[in-house]
Structures are given as C-alpha cells and as structure tokens.
1. What residue, among those in the stretch A:374-424 that are among the aliphatic types (A, V, I, L, M) and free of Cβ contacts under 8 Å to residues at least 60 places away in the same chain, is surrounded by the most Cβ atoms within 10 Å (Cβ to Cβ)?
2. Being within 14 Å of chain A (Cβ to nearest Cβ) and either within 30 Å of B:Ala39 (Cα to Cα) or at pLDDT below 95 (or both): is that true of B:Leu401 here?
3. For B:Arg352, which of the numbered conditions (1) touching a residue at least 60 places away in the same chain (Cβ under 8 Å); (2) out of contact with any Lys or Arg (no Cβ under 6 Å at 6 or more places or on another chain) fails to hold?
4. Being basic (Lys, Arg) and farther than 19 Å from B:His486 by Cβ is the filter here, so list the residues in the stretch B:383-425 that pass it.
5. Which members of the stretch A:74-97 meet the condition of being over 25 Å from A:Gly145 (Cβ atoms) and either over 22 Å from the mean Cα position of the chain (by Cα) or assigned to a loop (DSSP other than H, G, I, E, B) (or both)?
6. Output the number of residues of the stretch A:367-416 satisfying the condition of being of a type in the set (Val, Ile, Thr) and closer than 16 Å to A:Ser439 by Cα.
7. Would you be able to say whether some residue in the stretch A:259-278 is over 18 Å from A:Val115 (Cα atoms), out of contact with any strand residue (DSSP E or B) (no Cβ under 9 Å at 6 or more places or on another chain) and surrounded by 24 or more Cβ atoms within 10 Å (Cβ to Cβ)?
8. Residues of the stretch B:87-100 being in contact (Cβ under 8 Å) with a residue 40 or more places away in the chain and out of contact with any Lys or Arg (no Cβ under 8 Å at 6 or more places or on another chain), which ones?
Protein chains: 2
Amino acid sequence: MADLMHWSRWGNPAHRTELPESAWKLLELAFGPPRETPAVPFESLTLPPSALPPEALSAFHEVLGDGNVLLDDAARVQHTRGKSTPDLLKIRGGDVTDAPDAVLRPGSHSDVTKVLEICAEHRVAVVPFGGGTSVVGGLAARRNGLSGVVTLDMARLDRLVSLDKLAGVATLEAGLLGPHAEELLAAEGFTLGHFPQSFEYASIGGFAATRSSGQASSGYGRFDAMVVGLKVATPIGTLVLGSAPSNAAGPDLRQLVLGSEGAFGVITEVTVRIHPVPDVRIYETWRFGSFTAGRDAMRKLTQDGLRPTVIRLSDEAETAINLAKPSEVGSSSTGGCLMVTGYEGTEERVARLRAAVTAELTVLGGEALGAEDGQQWADGRFHGPYLRDVLLDRGVLVETLETATFWSNVDALYSSVKSAIESSLSDQGTPAIVLCHISHVYETGASLYFTVAARQLDNPLAQWEKAKQAASDAMIASGATITHHHAIGRDHKPWLAQEIGPVGVDILRAVKGRVDPAGILNPGVLIP
Amino acid sequence: MADLMHWSRWGNPAHRTELPESAWKLLELAFGPPRETPAVPFESLTLPPSALPPEALSAFHEVLGDGNVLLDDAARVQHTRGKSTPDLLKIRGGDVTDAPDAVLRPGSHSDVTKVLEICAEHRVAVVPFGGGTSVVGGLAARRNGLSGVVTLDMARLDRLVSLDKLAGVATLEAGLLGPHAEELLAAEGFTLGHFPQSFEYASIGGFAATRSSGQASSGYGRFDAMVVGLKVATPIGTLVLGSAPSNAAGPDLRQLVLGSEGAFGVITEVTVRIHPVPDVRIYETWRFGSFTAGRDAMRKLTQDGLRPTVIRLSDEAETAINLAKPSEVGSSSTGGCLMVTGYEGTEERVARLRAAVTAELTVLGGEALGAEDGQQWADGRFHGPYLRDVLLDRGVLVETLETATFWSNVDALYSSVKSAIESSLSDQGTPAIVLCHISHVYETGASLYFTVAARQLDNPLAQWEKAKQAASDAMIASGATITHHHAIGRDHKPWLAQEIGPVGVDILRAVKGRVDPAGILNPGVLIP
C-alpha cells in the first residue's frame, strides 16, 4: 500500500509544501498570531474492536488470501475517512470511530463479485476505496445497522486492460491512481488528460464514481464525458455498458453509474477516450481589469467555440493573494484578475488555437502576461492540499467548496455564496478570507470554486459546519448545483434532495433497492 | 391539428417528391417491372370501438374541455402508430388495431399531470405523441391489459417558455415541432441546430424522449448533448432537472429521462443550449477513392479536433445511386465515395474551420468538388421519407436502419450488417440494394446508416421483419448498438436486452415500477 496517503494529512508528508513567510505575515494580520494545533499522535488512537461475523471473515480469507484481508490498526486507520477538512479535523482530534472492521484487497472483478456475495449473505457493509481522496464524506465506514463494515481497497486492480489506438479508447482497471494510469498510457503514446487537484492520489474508479472534473476539462472534457464504457459489480450481477460512443438505446445507463459513489455497485473497469501525448504544452497568464471582465471574456471565448485545454480565472481576492503561485502566496500580485490559459496538442493544433484565443482575448480586454506564471501554476497545481495541512497545524481553518450555474446566474451565485460564508464566519467571531476562481467553463455556464480561511475556534468542526451549511443553502437558493465536481457523499445529501426533488430521490432509491436489496453498498452515501 | 402527417404517408402529400425516370429504370432492372401497391382508402378502415371507462372520459372532458378530447375516426387513425415502414405497411393494408380509444390534447404541464392522475385511477394507458415520427414502434396505442388507451397529443404545448441570451439556453415546450421551434428562436436571433431527417414533423419532446441526433450533430451535437434541463410529469409527481450545465450531484438523471420514450413520464419542457443564427452556411462535397479512405479521413479529422457542422460519407453503392441528390437519384455519379461537409457560424469561424478542414481533407486524399452538390444535399435533406411512400406505392420495399460503434469496429460492423440484410432478402428470393453512409462522427467512433430496397413480396411486413432481425442480430453480434438515433420502441426491445444485459434491464424496470406503479405510461415500449 505504498501509494496510500498519510493517515492524518494529504499525500506523502515528504512532499510537504511550505507557506512562504510573507503569507504567514498576511495571515497573522488577518487572524492574529499563529498557534500550534497539531494532530494527536498515531499511538494515542483507540480503534473500536473489529467485529465481523466470523463466517464472513473466514470467507474473505478464502477468496482473497490472508495477505489481502487486513485487520491491523494502521490499515484500518488509513481507510477511516476521506480528506475533507472535517475528515482531517476529526482524525487529527483522534476520532477514528469511522474505521472499517477490515480492509479487503480484491485482485480482480471476480474477487469483487465474490466479496459482494459474502457481504450480502452476512449483512456486511462495503465501502469501495480508490485513493481515499473524497472531500464529501464518501468514505466513512459505517455499519448502518448491518453486522459489520469492510473497506474494499481497489489498489490491486491496477492494469491497463486494453488500448485501441485507432478508436482512441483504453480500458483501465478502477484501482489505478492518476499518475500510474498516465504512465501506462504514456508508454503507448497516449494521455487521458484528466488532472484534478487530487490527481496524484485519486483513482480511475473514483473519478467515475464521483463525476470528477480536471483542471484541463476545457480541452479534454469532464471525466464523465471521457467515459465510453463501464464494468460494474453489483450484488445482483455484473453490468457492462458501452456499445458505442453514443446511442439511442434507451436511457444512458453509463450516466447513472457515473456519480453513483459506490451505492449502486463497485466499478471495476472504466473505458475512456484517450489522446496522443501532446507534443507541446504551454501555459500562459492574462490579466483582466475585473472578475466580471474576465468572466465575460471566458464566456465569449467558449461560446465562440474557442476552448484552450486549460482556462481558469481568479477573482480579485484570489489574484491579490497570488494563490496561483503556491511558492509565492502572499507576495505582491499583478493586480486585477489573473487568468490561466493552457494549450496541449500537436504543434500545429496548439499554434492554430493559441493564435485564435490570443487574438480574441486581446480584443476582449485581456493583457497577455506571458508563460512564466502559467508554468508556475502548472508546476504547483497539485500542492494546494499540502498547504492546507500546514495551515491546519497552526490554528488556521481552511477548506474549499464549489458549485456551478448558467452564465447569467454567475454573478448572483458568486455574491450570494461569498457573503453567506463571510457572514457565517464573522457571526462566529472569526472573519474569513474568501477567494474564488472559475475553474471549468461550458458554452452555457461555469463552475465557481471557493477557498475559505479563518482562525480556528476551539471546535473548528462545528465552526466550519455552520459556514458550509450557509454556503450550501445559498447555492440551492440561487438555483445552482450543490457540487460541480466533488460529489455528494454524506455531506451534500440534504441539498441533493432539494436539487433533484422528491421524484429524483425516489428514482435513486428505486435503483438502489433493486441492485442492492440488502443495502450493503456504501450505506449512507448519496441517497437522501 | 394542421401539422399532423397524412394517415398513411409521410408528411404532407402536397410536398410529395417524385423519383426521376432514371431511378425507376434502375429499379426495374434490379427488381422487375413496377406494379401498383396502393394503400386502402380511408373509408375502408374499420376502427375498434372506443372503449374508455365512462368516468375517465368525463374526467378528461372536465380537465381539457370538449374540443381537446377527440374520439373521431380521423384523429384516432392519425394517431395509430408512427412512420416506420412496418407501420406504413400495416396501415396501408387497413390494419388500425393500434388506434387509441381517444386523442387528448393537453394545453399545459398541469393538464398533463391531471390526465396522468385520471389514467392512473382508471387504469388507462397513455401514449405521449409529439409529431408521430417514430420509426421503432414507439407509438402503437395498446392497452396491455389496462381498461383503455389514450394518446396524449402534445401539439398545444408549443411555447418558447424562456430564452436566456447570455447563457445561450432556451426552454421550449415539448409539443413544438422542429420548424416552429426554429422560427421562435430565429425571431430572437438564435438556432437550436437540430436537423434530423424527421425535422419537419418531429417534436422537441420527441427529440428528448428518443435521444435524437441531427444531420448537423458534428457541429451542434446530439440532441441529448444539447439538453441542459427537463421538466417531466410522472404519476408520482413532477421531476425538474437542470441546475447547471454539468455537475457531480449524483447520477445525471437528465440522461435517464433522455431516451425514456414516455415510459418514465411525459416530458413537458426541455431546456436546450442554443446558438446565434449563423451568418454563413456552406455545404460542400468531396470525393474519396473508397469508403475506407473516406472513413479514415473522417476519423483523423475528428480526432484532430476539426469538426465541420455537417460531415457525412456515402459508401460506393450509395454514391453510385446518387442518393445525396434526391432530384437525381439514379443518374450518373462522380464515382468513388461522396462526402458532404457543411460549415455554419460567423464568417470568421467558418473561414477558420473551413480552411483547416480543407487543408487536412486534401492531405488525406480528398478531392474537393465544390458547393453545388452540397447545396443540393442541403435542399433535399428532408425528402427521403417522401420517396419511400412513392416506392411503397409501386411494389418496392424500402426501409432504413442504423447503428454505431468504435472506429476500429466500423469495417466489421459494416460488412456484417450489409451481408446479413443481403442474405436474408436473397434467401427470400428478393435480392436487395443495400446503401450505407456514415451519418455522425465522434472522436472514438461513428454511426452507420443503411438504406435497403427490394421487390415487395406478398407479405412485405414478414419479408422485412426477417431482414430486420438478421441485421439486428448482426449488430449485437458485432458488439455494436442496436440504435444510434432511432430509439427502442417495441421493435428493438429484444436487442436492447442483449445490449445492456439483465442488470441493465432490471434497473430500467426498477425506475419504471417506482415512477409508474400502475404501469400506464406507454406500456410495451422500451423495457424488455
């Protein structure tokens, strides 16, 4: 389990990213002097006893072999939850009540099927686990009235099953983490092009189960748009989908599996469209006078059919704090609002697209700042979660949340969510810094990604829950979605119910009831 | 009901398209001398008596008003089935056993909801009816053990509900036919860009319910890709979807409604992305040496990110018969394989895209033939179904069918379906003409659209059913889809079951059972 993240922090602490001194000064001005708020030591954790039915446990051993049924504390703690700030606050405080009774490591689709049979027979809950990067409470191992709960660590399903160069599609096993998948594809000359901030630790199955969206979504598309086929183990049998890129053969059931978060089945293989490894990768920055001006430029560009591979726009606050350059957070910025544009592909394609985008952004009032800052953004784009750990260590509460809406509603949504967060934290006596960027664009709309920081109160969990509730209420009241790319998990369920209404909820329940009659699949997530 | 099609023919017979003499000569060579095979006269039809529970009938009158509850023969016959060749053969032979007991014309979402309540209470089946263009048996009004069956003609739901110019989205009522929807949008400077062959008589709700795909899908996308929101009346309440262009808020339930063919609810409003009316529309033709060469060029172009608004490629047989120019079917062709490319948009965008496509198609071996034939294709592109009527009148059996697969499988699928059709009809003593074109392209694959003609046997329905079965078996055996854009209806159900497997079928049944507990919604369609 070399790739597993640290039990109480993001990723591998050896890759820890430090915040520059200038940023600490800025934070001290805003929140007062830093103080030490460390995690409890691993040794102090007290796990609830593992309590699986002995028949189930011996059946797991029989199917998977002893080395793949883990009952030790380290494995159980490492699979306790995901990596949202609430998850981290809980485990940093020593709360491991959501640890599974065991961690199982299936090696094949058939292993998964057999495990599901055993779990259904003995009423044991199953939590599928890819890279453990959930930030919405999708991985808490709870029994929900069943006799036990196991986490299904998919890491051994790590093969490139097939690659069709002509069609540009590859079938990947669900447990492959982002970098490993890219490595296997690169050996054949291809890339998937899916780079969410969680890329280094997130899995192919997780991307599918949560409808992930990467930082290059403008060019390569959302993960759900990349998927052409799926293989899913359910308690009532295997579902194989993907007879064509698109069809009219009834509802698109792939889109029912995508976003199902382990509640309908365990995704074991994902067939995705792939692209030749780009010859050229260029990332540039632009300055716009205001967030509104930059946003209008993004909209116009997208509606004119010009889609850079990457396009992002920070608001004034995020630009000022220079979050696009993790190594310089807090140092002086260029003013206005910073946009990142990136181009990947053949020289010819990049040249053609870049020329057209550059011409249009210039007409729309953008000032080209060159490639230096853009490359810095690209180099540091997976570092954000490491910075969070450093802040959590020193008395700062920090978390992100995101939503999406249609272009005509972006302004209202931005103001409403920002002010809901600010009011909630101010009312608690901890004025907040709220930063925002547009992270993904569509012809008809865009997503807004907020980063929030405040001084930690004595109970930072309760403090954040109030702010999160206010932000979520504001999203739904604005007619926007509760999540553009983080999924539902446990944390977003009340707002999903409002977003899709009682008939929508009934449909999810009907599917769940049919494919999972014993209710063993990741109980408590997704379905309100 | 001015827009309703002729009871036994496509569209408005005043717009009848004649086949040129050269084509008749060709057909005579292939199939022998033409003979008259006319439809029975309307007067000879004998409808089964309308047999609705009296309480239901009076409730319908109360909700809709007398003028919107039609029991007359003309209305019932006009809503008897769709317009597949089997549908036409049946009704031309006088078979009106699939006539509804009544035709209801709701005027609003609320009307639809009330009708569903009455139908659920009195166990009356409901067949939603847009323009009546189904070619897969989606509109046969059958009781399926219930006490009666009504057709819900959506024609009065014909408003442009709202238009958001900034976001480029419009909400259209489901009963709007293609031309009327385009007219309402054009008045505001926009187009939807959805032009299937059925465009003149198909409805917005029907496009959604069947996952339609238009001839300009390369540029504007499939209909399901255009949809950002839906309003659906179900027996358990109203479902409203579409909080953002895309999100991660669980499974995308829009994609479960799209393709549901009236079995899960009645779609009353569809919110779609729209585009400014193009300044320029150019359609051109190209010649490639072979179907394989043209197909490789299409694939390369699409994978390089160059997507003309329209791109289609006829095989050698279809090119030879000159089907791209209905006015000249049967006359001499240019040889090789004909490709149509079309560009729509601003002058700048069209110029940019056209230059890039032209350069690449030339490198890939295409010979540019100019705009004359392309414009002829565009002018005649809705005429195909009229030609079918003329052929059915004179002893020729003619029908189309379509499928899709990944690029690496296109060759095998093409050969296998073509030879299955040829063998089946030859074995029946009626050698066939089988034509094919690639009608829609994706980065990862394409659709194949076949046109089949043969001499009619005494029982042309049985004759075609054998050929259709052979073609469908070949599609599934090739790992392709049973339908790229015609939907399932009744005709494709056995193959859908094979395509999505027992778990897929169970999921459809679960949703159906939950939203339609009385089983009143278009019983017999979609769900195997």
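The values are calculated or read from the model by the stated rules, or taken from the named source; none is laboratory data. Bear in mind the structure is a predicted one, so any value in this text is a computation, not a measurement. A quick note on method: Cβ atoms are made from the backbone with ideal geometry, for glycine too, and the neighbour counts reach across all protein chains shown.
1. Filtering the stretch A:374-424 down to residues among the aliphatic types (A, V, I, L, M) leaves A:378, A:387, A:390-392, A:396-398, A:401, A:404, A:410, A:412-413, A:417, A:420-421.
Keeping just the survivors that are free of Cβ contacts under 8 Å to residues at least 60 places away in the same chain gives A:420-421.
Values: A:Ala420: 22, A:Ile421: 24.
My answer is A:Ile421.
2. Numbers: within 14 Å of chain A (Cβ to nearest Cβ): yes; either within 30 Å of B:Ala39 (Cα to Cα) or at pLDDT below 95 (or both): yes.
Considered against the rule, which asks whether it is within 14 Å of chain A (Cβ to nearest Cβ) and either within 30 Å of B:Ala39 (Cα to Cα) or at pLDDT below 95 (or both), B:Leu401 comes out as yes.
3. Tallying (1) touching a residue at least 60 places away in the same chain (Cβ under 8 Å); (2) out of contact with any Lys or Arg (no Cβ under 6 Å at 6 or more places or on another chain), B:Arg352 fails exactly one: (1).
4. From the stretch B:383-425, those basic (Lys, Arg) are B:388, B:394, B:418; that's our starting set.
Matches in the stretch B:383-425: B:Arg394 only.
5. A:Ala74, A:Lys83, A:Gly93, A:Gly94
6. As a first pass, look at the stretch A:367-416 and keep what is of a type in the set (Val, Ile, Thr): A:390, A:396, A:398, A:400, A:403, A:405, A:410.
Right, trim to closer than 16 Å to A:Ser439 by Cα and you get A:400, A:403, A:405, A:410.
Here the count works out to 4.
7. Looking for residues that are over 18 Å from A:Val115 (Cα atoms), out of contact with any strand residue (DSSP E or B) (no Cβ under 9 Å at 6 or more places or on another chain) and surrounded by 24 or more Cβ atoms within 10 Å (Cβ to Cβ), one finds at least one in the stretch A:259-278, hence yes.
8. Keep residues of the stretch B:87-100 that are in contact (Cβ under 8 Å) with a residue 40 or more places away in the chain, which gives B:87-94, B:96-100.
Answer for the stretch B:87-100, where residues must be in contact (Cβ under 8 Å) with a residue 40 or more places away in the chain and out of contact with any Lys or Arg (no Cβ under 8 Å at 6 or more places or on another chain): B:Leu89, B:Arg92, B:Gly93, B:Gly94, B:Thr97.
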